[in-house]
Structure formats: C-alpha cells, structure tokens
C-alpha cells in the first residue's frame, strides 16, 4: 500500500485509494483526485460499493488490482478457487473499474506459475507483492499517457465468475478423486478456514495433504483410513488414496486404520430417528403431567 502511495506522489499523480470499496476514500493529496485505485485491505476484501459511486470520485477513471487473469477468475476468493480448479497459472490484473464486477478494460496483467507446492498462503503472499508491483507500473504508464487498454471481450467473450465462499463450503467429500481433494485442502489451508471432515461427532481439520505416487485406483469405502506412514494417515478417496500430512482435532487422537471420516448417512439417520422417538416420549410425558395437574385442580381423584 505504501509503495503505491509513494509511487503516485513521486510521479505527480493524484490517487484515490478505496479500502476494499467499503469505506470512505482516502487520497494521496488534495484537492479532487483524478485517478482512483481500489485496493483490498487484508486477505479478504469486504463488501463492494457500486461502480457508479466509485467512478464518480475520479473523472479520469478508477483502476483496480485484481488477483485473477481477467476475463477469467472474476469475482471473490479467487486464489482459493484457482487452486480448487487446479490452475497452473494465476494472474494479477490492473483494470479500469466500470459498473460490472471485474469487467473493465485491462491496463496491465502479469502471470505467475502455480506448482503443487503452492498453498493459499504462498499464493496470497505472491499475489500481494505482484499486485503492488503491477499497480506501480500501471500508475507510471497512466502518468506518461502510455496505456493501451484491452477490452476483456477481445480475450474471451464470456470469461468466468466465482462467488464468495461461505461457511459450510469447507467440508470434504471423500467421494471426490484424490487430486480434487488435494487441491481443495491446499486451497483453503490457513490463513483460510481449513478443510474439514467428521470422525464420528468430532470435527477434524485437514490442513495439508500429499498425493501418493503410483497410488492404485480401486473400489473401497471412501473416507476410510487404510494405512499409516511416518508422515501421516492414508485415506481412501473416490478413486485411489491420499496421504493426510497435517490434521487437527479437539481430542488430539490420531487417525487409526479402520477409522471412517465424513458423514455416515445411515448412522446419522438412525440417530435422528432415535432422537425423534425420545422427543415424542418427552412430549407424551408432559401431556400426561399437564392432564394430571388439570384434574387435581378440578378436585378429581388421582
């Protein structure tokens, strides 16, 4: 953030910084700004102000740094979605803000390679640094009048959009293939919420996993622990097996062979049915007590 401020001031460009498009704008100088820059504060930006409201603050336009290779990966929680989708490159794009969501013309875009060693934390760190660099270069080009903006439709007529991830999106489906679970785990690892599963009634967070070389595809029970290694527990997935290298649970009890992870639908249904019976019995007892109390009040023998 400081780097962007200093760059703007050093080249004599008046810049309006919007804190994630949520709060009051702050300027690098006074009076009226001519170019606006929207920048999310922290790992996740808050809500979005209207494009019309933001654009009105800067007659020469507003620019935004977005952690996605527009016109692909518009929207929210893009780094998480990129890893979930097994993307091999992520882009950081500086673009003009219009009234759409991440649909304005592109000023500058840079891409970096994603490897299997990357997690949400590593991509976030790289994206923050790259965004600052690309913003500074874009501001310099704007000051020099050296901008050849590119309409997103000329790259792809449709692109992609991703919605905000919400509580409840972190649950693992062990019927997924190993690669998908591996990507899912690293996509929402800390500082994300962490992928979650169940061991009986206990929530277990899966914070890191590793694919197993030459793992065999076979049919068995997805979610069952089928092996142990020095690095963690081996779990059966929808196709092969996956090594869970870092898990966290309230009890601290390690995952043992034969343990089944995830929601057991039949057991859960049986528990619900038993609970319904217990509630029905409790209601009948209350009705009997109420009837007995009413009879006593009328002087009826008990």
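Quick one: order 65, 131 by neighbouring beta-carbon count within 10 Å, fewest to most. In order of increasing Cβ crowding within 10 Å: 131, 65. Spin-label model, residue 294/residue 203: points 7 Å from Cα along the beta carbon direction are separated by 4.3 nm. With a cut-off of 18 Å, note down the residues of region 95-122 whose backbone N falls inside the zone around a label point 7 Å from the Cα of residue 148 toward its beta carbon. Taking a point 7 Å out along Cα→Cβ of residue 148, the residues of region 95-122 whose backbone N falls under 18 Å are 95-96, 105-111.
Scoring 137-145, 158-166, 99-107, 184-192 by mean Cβ neighbours within 10 Å over their residues and listing the highest first yields 184-192, 99-107, 137-145, 158-166.
If I stretch the segment between residue 286 and residue 56 completely, what's the gain in nm (0.36 nm per residue apart, minus their alpha carbon distance), one decimal? Could the numbers behind the result be given before it?
On the way: separation 230, 0.36 × 230 = 82.80 nm, distance 6.44 nm.
Result: 76.4 nm gained on full extension.
A crude spin-label estimate for the pair residue 115 and residue 86, with each label 7 Å from Cα along the Cβ direction, gives 1.9 nm.
Residue 256 label point, 7 Å along Cα→Cβ, cut-off 17 Å on backbone N: hits in region 167-200? Residues 199-200 qualify, since their backbone N sits under 17 Å from the label point.
Quick one: order 84, 212 by neighbouring beta-carbon count within 10 Å, fewest to most. Don't skip to the end; give the middle numbers.
Values: 84 19, 212 16.
Going from sparsest to densest Cβ surroundings: 212, 84.
Could you let me know the centre-to-centre spacing of region 72-102 and region 159-204, using Cα atoms, in angstrom? Rounded to whole Å, the Cα centres lie 19 Å apart. Extension gain, residue 175-residue 278: 0.36 nm per intervening residue step, less the Cα-Cα distance, totals 33.8 nm.
Coordinate-derived values only; no laboratory data. Just so it is clear, the structure is predicted and the values come from calculations on it, not from any experiment. Neighbour counts are summed over all protein chains in view; Cβ atoms, including those assigned to glycine, are modelled from backbone coordinates with ideal geometry.
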